[in-house]
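Structure first, then comments.
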Amino acid sequence: MSAVAVPQERASREMSGPILGMVLFIASEAMFFATFFGAYFTIRAAASVWPPKGIPELKIDIPAVLTVILVSSSVVLQIGLRTIQRSGARKAMVWLGATIVLGVAFLALQLYDYSQLGFGVKDGVFGSLFYVMTGLHMAHVFGGVVFLTLVFGQAAEGQLSSIRYESLEAGTLYWHFVDVVWICLFTVFYLLTPR
């Protein structure tokens, strides 16, 4: 008598290709940013004065607003992801659209903040690290806004549903990553840098 194998249902769903791809991309970007943070802390530890003389005091007001905007956008996008799972794409589009608007607001306010700083990328190692690290983050936010806009287009065309929403889930993972990187940047440059 031969035993017949009965397929067992999985307790959790498998990771789809787009989600796995995004997780691997985020892992590579995390290593990329970790390298810059490592360089920052190495250079800071070797410096006798930090920030170097000539760098004006970094004000925390605009960066604090930027932090609130970006954290709020992550919360709004997570609500959008939950909404698509429960109610479909049409209702989730409101939350997705709000996230895109918050992302654009973050970019505009960060550009304004750059114009108010009083130092540039050429003003020594601090200026270089500051602008390279925050500028790369801003490029990632811009990429996230573009990605989420494409997802919004998919939702508007009816390509997303309560059972097919991998692109929104991938975009949400990426957006949360961008949020975490900003919190690290905010902490390093605005909270841990002596005034």
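The values are calculated or read from the model by the stated rules, or taken from the named source; none is laboratory data. Treat the numbers as computed from the prediction; the structure is a model and nothing was measured. A quick note on method: Cβ atoms are made from the backbone with ideal geometry, for glycine too, and the neighbour counts reach across all protein chains shown. Protein only, heavy atoms only, side chains kept; ligands, DNA and RNA dropped before computing areas. Shrake-Rupley method; radii C 1.70, N 1.55, O 1.52, S 1.80 Å.
Summary table below
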item	result
So ASP113, is it among the acidic types (Asp, Glu) and modelled with pLDDT of 95 or more	yes
Candidates ILE43, ILE60, ILE55, ILE79, filtered to the one that is open to solvent by less than 40 Å² (accessible area, probe 1.4 Å) and more than 15 Å from VAL181 (Cα to Cα)	ILE55
Of residues in the range 1-31 being at pLDDT 65 or above and of a type in the set (S, T, N, Q), the one surrounded by the most Cβ atoms within 10 Å (Cβ to Cβ)	SER16
Condition met for ALA64 (under 22 Å from LYS122 (Cα atoms) and of a type in the set (Gly, Ala, Ser))	no
Subset tally (residues that are open to solvent by 40 Å² or more (accessible area, probe 1.4 Å) and either of a type in the set (Gly, Ala, Ser) or more than 21 Å from THR193 (Cα to Cα) (or both)) for the range 125-137	1
Selection status of ALA34, in a helix (DSSP H, G or I), at pLDDT 95 or above, open to solvent by 50 Å² or more (accessible area, probe 1.4 Å) and of a type in the set (Gly, Ala, Ser)	yes
Some residue of the range 48-55 being small (Gly, Ala, Ser), over 16 Å from the mean Cα position of the chain (by Cα), farther than 23 Å from HIS140 by Cα and modelled with pLDDT of 90 or more	yes
In the range 82-119, residue least open to solvent (accessible area, probe 1.4 Å) [restricted to those that are among the hydroxyl-bearing types (Ser, Thr, Tyr) and more than 20 Å from ALA156 (Cβ to Cβ)]	TYR114
Scan of the range 178-195 for residues that are in contact (Cβ under 8 Å) with a residue 60 or more places away in the chain, open to solvent by less than 30 Å² (accessible area, probe 1.4 Å) and among the hydrophobic types (A, V, I, L, M, F, W, C), ordered by number	VAL178, VAL181, TRP182, PHE186, VAL188, PHE189
Within the range 144-160, tally of residues that are open to solvent by less than 40 Å² (accessible area, probe 1.4 Å) and touching a residue at least 12 places away in the same chain (Cβ under 8 Å)	6
